[in-house]
Amino acid sequence: MAAKVYDAIVVGTGAGGGTAMKILCEAGLQVCAINSGPRMDPDQDYRGHRQVYDLKYRGYGDPLRLKGKAHQEPYSVEESEYSEGRDLFEHDVAYSNAPGTDWYWKRCKATGGKANFWGRSSARFGDIDFKAADLDGFGENWPVDYAEISPWFSKAERYMGVASTIQNRPSNPDGEYLPPIPWRCIDYIIQKGAEKIGVPYLPDRCAQLTVAHNGHPACHYCGNCSRGCDVGSFFSPTWFTIPDAEATKNLTLLTNAIVRSVIVDEDGMVKGVAYVDRATPKEVEVYAKVVVLAASCVETAHIMLNSKSRRWPTGIANSSGQLGRNLCEHLYGSPGYGYLPRLLGQPATPDNIADSTVAWSPRWQNLKNPREEKFIRGYSVYIGGGCGEFPGYYGQIEGFGSGFKRDIKRYYPTSIGALIQAPTLPSPTNYVDIDPEKKDIFGIPQLRFHFQWGQNELLMWEHSKQVMVDLFKAMGGEMWGFDDEPNRPGTSLHETGVCRFGNDPKTSVTNKWAQTHDVPNLYICDASIFPSCTDKTTTMPIVAFTMRTCDHMLDNFKKGVHNRA
């Protein structure tokens, strides 16, 4: 019997893959979506508003749950007893770090991926990002400008539902917004202090529903967003794109299927993918006229680097030699934390209404002159505080016994902490490749990371520490300290660059439509195409660029560039 051929295969069901399969299915294409882990089920996998004292291990999870796993390090924030569910996070597939590298690769293998647990910050990129090379002379420009991508930013915002305000700032263009998340007393104190030192503090662009939107209920502010939403009040594939795609009856969803490689015909064109079934573990081939890789940034590069053939000896669509190169990341860490004495004695209130994102300080450096500071480009800062579900400052104050307990309660409404989001610059020494010696338990050659923080982002890190000293003074706060070192690379989950797009096939992997230069029926729909980091997060832009890529792909089907199955 002839094997079934789909119109399109979409590898990955996260922000990019979920959006791609929704758009392609709604256009009438027969789509096979492939996901590396199980189907996410909020009724089984999320906590259902239980408190830590309702959980067997008080939120930390079974300490033996990773025993025997290839990768035994638990993932901070996203993975806990609230959302560990039915083996939702990837610990079976190991990865390698080159000497001197300490990359922290956090992976959710359930459908929807990391977009089930993201921070929801959803700012637009602007020409200050797309044309940064023209401004400061470093690196490559993006092959698009703001005027070209703006309509798809609007489409993404209207679909996802993004809460914010009009702010008229050059570093993050304004969009189409729902009403902003209500501010708390602590936010107004921070804002007044920030104004005194010339730092903006504004409502974040947050994909969290302050009103009912597109059939999804408004947020009820339970404050545990980063461990999965029980009701679908912020954008996630589990609640948005996957149900939309399934409603068309044009979707075949394969779960627990780890894509090993893209398979090609005699001419080197894509004809499908090969995956390993986790349960058997047998290798299976699936065929389609077009393949979309949206496996997440570095996993997409991993699949392509493993897709070797006579035509593509160093990995599919790698005539430029840029596949896996230019790995970029956000430097994360706390440049300052402390408390506001004026709030001592205030009653505790459940004001941690959005878990991580209410307001932010968007980039304010190098806006008028690209060389105003010792570093080029710029960073943003997220500042939060108040009465979280758990007093996270317990490790920031000294004490023991009853006195320590009293101080925990005393400081509860007053604490403040900051998180820097500083973009790295592309570097020839930061990249991923295939480990020549190691394979995972499924026989797939492992991905290997090579990465070090660069001087530019470390200068941002030091700059942000002084900003926080100035801010605490301006707020009348008292600073307890700051992180001695940035968080480990990989912590942000915002890696970019390893399949960068561009106009020149000699220096980029895909064209401006995220269609690989070498293989016209292979597309990429994740952050791997972004040539560089910005001070903004990547999820909403991934959705917007995926919408644009899929519109272009559908146009190619209409023109006969691609044939229907």
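Region 346-414: which trypsin sites (Lys or Arg not before Pro) are DSSP loop and have at most 10 other beta-carbon atoms within 10 angstrom? In loop regions of region 346-414 (DSSP not H, G, I, E or B), the sparsely surrounded trypsin sites (Lys or Arg not before Pro) are Lys368.
The apolar share of the surface of region 185-273, taken as the fraction of accessible area on carbon and sulfur atoms (1.4 Å probe, ligands and nucleic acids excluded), comes to 50 percent. Among the trypsin sites (Lys or Arg not before Pro) in region 469-518, those located in a DSSP loop and surrounded by at most 13 other Cβ atoms within 10 Å of their own Cβ are Lys506. For region 139-254, a crude dipole built from +1 on the beta carbon of Lys and Arg and -1 on the beta carbon of Asp and Glu, taken about the Cα centre, is about 360 debye to the nearest 20.
Each of Gly137, Trp103, Asn116 was scored by the projection of its Cα onto the charge dipole of region 90-147, and the greatest displacement toward the positive side belongs to Asn116; charges sit on the C-beta of Lys, Arg, Asp and Glu. Rolling a 1.4 Å probe across the protein heavy atoms gives the chain an accessible surface of 39 Å² per residue.
Of the residues Trp152, Trp142, the one with the largest accessible area comes first in the ranking Trp152, Trp142, computed with a 1.4 Å probe on protein heavy atoms. Restriction of the GluC sites (Glu not before Pro) in region 114-177 to DSSP coil positions whose beta-carbon has at most 10 other beta-carbons within 10 angstrom yields no sites.
Sort Ile444, Ile197 by accessible area with a 1.4 Å probe, largest first. Walk me through the intermediate numbers first.
Values: Ile444 5, Ile197 60 Å².
Solvent-accessible surface, decreasing: Ile197, Ile444.
Between Asn214 and Glu26, full extension at 0.36 nm per residue minus the direct alpha carbon distance yields a gain of 66.1 nm. Charges were assigned to the Cβ only: +1 to each Lys and Arg, -1 to each Asp and Glu. The resulting dipole of region 360-508 about its Cα centre is roughly 300 debye.
Over region 116-159, Cα pairs under 8 Å with separation of 6+ residues give a relative contact order of 30 percent. Close amide H partners of Ile441, meaning residues 5 or more places away or on another chain with modelled amide H under 5 Å apart, are Ala94. Sorting Val561, Val211 by accessible area puts them as Val561, Val211; the probe is 1.4 Å, largest comes first, and only protein heavy atoms count. Other residues with beta-carbon under 11 Å from the beta-carbon of Trp142 carry, at +1 per Lys or Arg and -1 per Asp or Glu, a net charge of -3.
In the context of the full protein assembly, Glu373 retains an accessible surface of approximately 70 Å², using a probe radius of 1.4 Å and ignoring ligands and nucleic acids.
The calculated FRET efficiency for the pair Ala348 and Ile166, based on their C-beta separation and a Förster distance of 51 Å, comes to about 0.90. Sorting 481-487, 21-27 by average packing, meaning the other beta carbons within 10 Å per residue, from highest down gives 21-27, 481-487. Spin-label model, Phe442 to Asp43: label points 7 Å out along the Cα-to-beta-carbon direction sit 2.8 nm apart. Between the listed residues Gly268, Thr357, Ala279, the Cα displaced farthest toward the positive end of the dipole of region 239-374, a dipole computed from Cβ unit charges relative to the Cα centre, is found at Gly268.
3J(HN,Hα) couplings calculated from phi for region 417-424 with the Karplus curve 6.51 cos²θ - 1.76 cosθ + 1.60 (θ = phi - 60°) are, in sequence order, x, 10, 10, 7, 10, 10, x, 7 Hz; Gly and Pro show x. In region 274-322, Cα pairs under 8 Å separated by at least six residues give a relative contact order of 17 percent. For the chain, the relative contact order comes to 22 percent (Cα pairs under 8 Å, sequence separation of at least 6).
The modelled label-to-label distance for the pair Arg50/Asp136, using points 7 Å beyond Cα in the direction of Cβ, is 4.7 nm.
Put a plus charge on the Cβ of each Lys and Arg, a minus charge on the Cβ of each Asp and Glu, and nothing anywhere else: the dipole of the chain about its Cα centre is then about 380 debye.
Measuring nothing but protein heavy atoms, the accessible surface of region 425-548 at 1.4 Å probe radius is 51 percent carbon and sulfur.
With the helix formula -39500 (n - 2.57) applied to DSSP H stretches of n ≥ 4, the chain reaches a computed 222 nm mean residue ellipticity of -6500 deg cm²/dmol.
Once you reduce region 486-540 and region 134-170 to the center of their Cα atoms, the two points are 15 Å from each other.
The values are calculated or read from the model by the stated rules, or taken from the named source; none is laboratory data. All of these numbers come straight from a predicted model, not from anything done at the bench. Don't worry about glycine lacking a Cβ; one is built from the backbone with ideal geometry, like all the others, and counts go over all protein chains shown. SASA here: full protein model, heavy atoms, side chains in, ligands and nucleic acids out. Shrake-Rupley method; radii C 1.70, N 1.55, O 1.52, S 1.80 Å.
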